[in-house]
Amino acid sequence: MKDQLTQKGTVPDDTVSKESNKGHEGKRRDLFTLCNDKLIVGENFLEALPVFNKLPGFGKFFFAQIQVALILSFACFGDNWEPSYPRNDNHNMTLFWALHVVLLIASILTWTHKPRERVTLLSREQTEEWKGWMQFSFIMYHYYRAWSAYNWIRVFVSSYVWMTGFGNFLYFDKKKDFGLQRAVSMFIRINYFPLLLSWATGVSIDLYYVVPLHTTGFFMTYLTCFLAVKLEEKAKMNYMRSRVLAIAISFLVQILFFETRAVDSLLFFSKELHFRFQADKYSAVLGIVSGLCMKKASEYITWAYAGDHRRGVQMAQCTAGAALIWCWYATYGHIQDKFAYNPAHPYIFIVPLLGWLMLRNSSRYLCERHCGFLEFLGRNTLETYVLQFHLFMNHSVQFIPIVIPGSGADGLVALRVLNMLFCGTIFVLVAVWARKVTVTTQNTVVGFMQHFSAKKLAPMKSVAVVEETVELIKTDTSKRDGEGFESA
């Protein structure tokens, strides 16, 4: 057994101690590093057992599930925490906007430059930043019952779903990867933790309505892109015609569903999902259309930022972007009655969205920079979305937990803010942890699929090739966690 552990990369404790102290005399290893090292030892030990030593990644998968169970238990504990007070008593627009000012300051302090040889429109860092500030507003909207911001929040939710169509279209159009592994990987990434959390806390999946929206948006994009590629390959259509026809067919199918009584079939699931799907019925497909236009948009950006003589073009873009946002607000965005606004939303959300993109990418300087803090928040949006209901708020989002004495509905503002910051810190840390173990689960399951696929192909390949494939599954850490599986 000891020999097997050594082959897996585990070395004796005295060797680890010597190497870790090399050049770091007198420094203590922090608790996180120590726990991480012990976890790696446990993973390697499990994979060295005769039952599991032929299944690379099983140790990571097993310990990830233990961590998932711990997170679920903590979420249940937080959801039932007492004392608490009704969330309706927490309505405070002053604090809602004040925290956005704090967020702006944090964004400025973490303003980061990432120079590129050529201008990149909607880089991954920028989309993560975008998701980050929208998620912050979304969570604070819930926490402080910011009813007057409803229309803006609806645009933010639609922007998330728009990104599902946009990012996955760019992926499929470039990679043409329609394999089972991609579908399973995305299904796990989007659904695995939310489904377990729904089961553990006893709440309906309706509470996490963004999850089914993203899931259906992904598979709709998958099918649309698959059809486009087949039209190009089998029907010998050129690139643009095949994409336009596939998107037109997808659009038509959705129109026939959402604009007829067929949409009432969603009532079979719930009234909540019936409303949510109609509010974002065209968000993902409009993201696909935008993805199709991405090449031309990138060419325009490159041309506009080629030199100082284009400064007038950049100013015109700024003006046009601001005008789009103002037009949306002047016509519909200012409406306070959400029941009057909701019917128009699916058709008009794209206007402020495009306006924001024009403003955010209105110079090369802005294209090459992003906010590190917002990017961090944006990387964990799925987990912060579902866990907010049980840790930042509780009792299925209807109450605010009181951890610091005197921070109830009638408490001092300073104590209430302190309570919010304490709960928020715990909530974000757990969300980051949840994302890490979810991505580990995602990658190990895909690794299992690749491993078994390699075994099936073994008779047709040399042993060396098969071993190289398995080794790649075990050691490839060149990509950021989840990259290649998550849309922009």
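The values are calculated or read from the model by the stated rules, or taken from the named source; none is laboratory data. All values derive from a computational prediction rather than experimental measurement. All Cβ positions, even for glycine, are placed from backbone atoms using ideal geometry, and neighbour counts span all protein chains on display. Only protein heavy atoms, including side chains, enter the accessible area calculation; ligands, DNA and RNA are left aside. Shrake-Rupley method; radii C 1.70, N 1.55, O 1.52, S 1.80 Å.
What to note about this one:
- Identity of the residue in segment 86-102, touching a residue at least 60 places away in the same chain (Cβ under 8 Å) and either in contact with a Ser or Thr (Cβ under 7 Å, 6 or more places away or on another chain) or open to solvent by less than 80 Å² (accessible area, probe 1.4 Å) (or both), that ends up farthest from GLN135 (Cα to Cα): PRO86
- Residues within segment 290-345 that are open to solvent by less than 60 Å² (accessible area, probe 1.4 Å), under 30 Å from VAL244 (Cβ atoms) and not in a helix (DSSP H, G or I), tallied: 2
- Residue list for segment 105-127, restricted to those being surrounded by fewer than 13 Cβ atoms within 10 Å (Cβ to Cβ) and in a helix (DSSP H, G or I): ILE105, ILE108, LEU109
- Where helices (runs of 4 or more DSSP H) sit wholly within segment 209-286, those with at least 1 residues that are in contact with a Leu (Cβ under 7 Å, 6 or more places away or on another chain) and more than 28 Å from GLY179 (Cα to Cα) occupy 271-279.
- Residues in segment 356-373 include at least one that is touching a strand residue (DSSP E or B) at 6+ places or on another chain (Cβ under 6 Å) and in a helix (DSSP H, G or I).
- Which listed residue, of ARG369, ARG364, ARG360, is among the basic types (Lys, Arg) and either over 15 Å from GLU128 (Cβ atoms) or surrounded by 20 or more Cβ atoms within 10 Å (Cβ to Cβ) (or both): ARG364
- Segment 52-79: number of residues that are modelled with pLDDT of 95 or more, more than 19 Å from GLN442 (Cα to Cα), surrounded by fewer than 19 Cβ atoms within 10 Å (Cβ to Cβ) and not aromatic (Phe, Trp, Tyr): 2
- Residues in segment 209-251 that are among the charged types (D, E, K, R), without any contact (Cβ under 8 Å) to a residue 60 or more places away in the chain and either closer than 15 Å to LEU170 by Cα or surrounded by 15 or more Cβ atoms within 10 Å (Cβ to Cβ) (or both): 1 in all.
- Output for segment 77-95, where each listed residue is of a type in the set (A, V, I, L, M, F, W, C) and within 21 Å of SER396 (Cα to Cα): PHE77, TRP81
- Residue under evaluation ALA279, criteria (1) at pLDDT below 95; (2) open to solvent by less than 70 Å² (accessible area, probe 1.4 Å), criterion not met: (1)
- Every test in (1) part of a helix (DSSP H, G or I); (2) buried (at least 18 other Cβ atoms within 10 Å of the Cβ); (3) in contact with a Pro (Cβ under 9 Å, 6 or more places away or on another chain) is passed by LEU415 save one, and that test is (2).
Yes or no, residue by residue, for (1) over 25 Å from GLY132 (Cα atoms); (2) open to solvent by less than 50 Å² (accessible area, probe 1.4 Å):
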site	(1), (2)
GLN388	no, yes
ASN394	no, yes
ILE400	no, yes
VAL403	yes, no
GLY406	yes, yes
ASP410	yes, no
ASN419	no, yes
ILE426	no, no
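Here's the yes/no breakdown for (1) touching a Gly at 6+ places or on another chain (Cβ under 9 Å); (2) under 24 Å from TYR141 (Cβ atoms):
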{"site": "ALA316", "(1), (2)": "no, no"}
{"site": "CYS327", "(1), (2)": "yes, yes"}
{"site": "GLN336", "(1), (2)": "no, yes"}
{"site": "LEU354", "(1), (2)": "yes, yes"}
{"site": "LEU357", "(1), (2)": "yes, yes"}
{"site": "LEU366", "(1), (2)": "no, no"}
{"site": "CYS371", "(1), (2)": "yes, yes"}
{"site": "GLU383", "(1), (2)": "no, yes"}
{"site": "PHE389", "(1), (2)": "no, yes"}
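- Selection of first residues in segment 155-172 that are farther than 12 Å from SER290 by Cα and of second residues that are part of a helix (DSSP H, G or I) and hydroxyl-bearing (Ser, Thr, Tyr), restricted to Cβ pairs under 6 Å at least 6 apart or on distinct chains, gives the following pairs, ordered by first then second residue: SER158/SER283; VAL161/SER283.
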